[in-house]
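Enquirer: One structure coming up, written as C-alpha cells, with questions to follow.
Values in this text are rule-based calculations from the coordinates and carry no lab data. What you see is a predicted model; the values in this text were computed from it and never measured. All Cβ positions, even for glycine, are placed from backbone atoms using ideal geometry, and neighbour counts span all protein chains on display.
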Amino acid sequence: MKPDISPQELRNLIRSRQWTTPTSGSASGYLQANLVMLPAEEAFNFLLFCVRNPKPCPILDVLEPGQTEPIIAPDADLRTDLPRYKIFENGEYKSDVEDVSDYFDADMVSFLLGCSFSFENAMVAAGLPIRNMEEDKNVSMYITNKPCLPAGPFSAKLVVTMRPMTPEQAIRAVQVTTRFHLTHGAPVHLGDPHKIGIEDLDRPDFGDAVTIKPDEIPVFWACGVTSQLAATSVPLARVITHAPGHMFVSDLRDEDLTIL
C-alpha cells in the first residue's frame, strides 16, 4: 500500500521527480484524472467524442489553449505534475517522458477525464480487494471489441480495467461504484472476458497482469485510456497523454461528486 498523502504533497513529489510510479492507491479520497493534450483545431471534435462516450471519458476539466493550471487543482501544472507521459506525433508513439514542458505549446488544449483509481478508496472501505494495490502493480487494462461512438475524425474501441474478486464481492462492487459517475461508475462487464474480445487476461494491453484466484471472476470497468486511443486514431502533429496508470491527482474529493 502507498502512503496516504495530500494531492498537493503528491504533485510536489512528482514535480521534483521523487515519485515516478503509478498513482493507484495514493492520495486516497481524491479524484485522479486521465490527461489528453491535443491541437486546438481538433479540440471540439475530441470534446464531442467524450460527450458521446461519457462512461470511458467522463469530463472533469477542459483548459483553454495554452493553459496548464486546471480549475480542479489550483497551482498545479499539467506539464510537470504527472509521473509519466506519452508523446505521439502523426498518430505514432514516439517516447515516454517525465516532463512535457518542451513539447506542450500555446495551441494545445488539455482535457482531464475521470479515472477508476478514484473509487478505489470506497472499495477498500467496503472490504473489497484491489489486487493490483495488494501486489504493488499497475492495474490491468485491455482493449475490448466494443466500439465507442465516433465524433469527427476520432474513433476507438472501449478500453477496460480489470479487478478480480468473488461473485459476491462483484455484486458489492457494483453497489459501491455505481454512484461514482464521473469516474466510470459501475462495471461494464463481469465474468467471461471472451465476450468482450479479451483473449488472455495474463497479457493486458496496458499495465500489469495480476493474480486471479480460483474462486474469483474478472470484473471490468470502463477506462479513460480509451481517450488515448481516440486521440491517436488521427495523425495529428502532436498528442500528449498520461502514461497508463500514471495519473493527474486533483484537489476534488471523490465523495463530493457522487450520485446520492
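Enquirer: Let me have the relative contact order for the chain, percent, based on Cα pairs under 8 Å that are six or more residues apart.
Expert: Relative contact order here is 31 percent.
Enquirer: Could you give the spread of the C-alpha atoms of region 125-225 along their three principal axes, from largest to smallest, in whole angstroms?
Expert: 43, 30, 25 Å, listed from the longest principal axis down.
Enquirer: Let me ask something else about it. Say R0 is 41 Å: what FRET efficiency, to the nearest 0.05, do Ile71 and Glu199 get from their beta-carbon distance?
Expert: Between Ile71 and Glu199 the formula returns 0.50.
Enquirer: Sort 54-63, 129-138, 225-234 by the packing proxy (mean of other Cβ within 10 Å over each peptide's residues), most packed first.
Expert: Ranking the peptides 54-63, 129-138, 225-234 by packing returns 225-234, 54-63, 129-138.
Enquirer: Cross-link candidates for Lys137: which lysines have Cα within less than 25 Å, leaving aside residues fewer than 8 places away along the same chain?
Expert: Lys2, Lys55, Lys86, Lys94, Lys157, Lys213
Enquirer: Using helices alone, what [θ] at 222 nm do you get for the chain, with -39,500 (n - 2.57) per DSSP H run of 4 or more residues, divided over all residues and rounded to the nearest 500?
Expert: -5000 deg cm²/dmol
Enquirer: Hey, got the dipole for region 125-225? About the Cα centre, +1 on K and R Cβ, -1 on D and E Cβ, debye to the nearest 20?
Expert: Charge dipole of region 125-225: 420 debye, to the nearest 20.
Enquirer: At a 10 Å Cβ-Cβ cut-off, how would you order Thr177, Thr21, fewest neighbours first?
Expert: Starting with the residue having the fewest Cβ neighbours, the order is Thr21, Thr177.
Enquirer: Now for a separate question. Region 159-216: which GluC sites (Glu not before Pro) are DSSP loop and have at most 10 other beta-carbon atoms within 10 angstrom?
Expert: Answer by residue number: Glu199.
Enquirer: If I compute log10 I(q)/I(0) by the Debye sum over Cα atoms at q = 0.11, 0.17 Å⁻¹ from the structure I just sent, which labelled value in (i) -0.86, -1.33; (ii) -0.54, -1.36; (iii) -0.72, -1.25 lines up?
Expert: Here the calculated entry is (ii).
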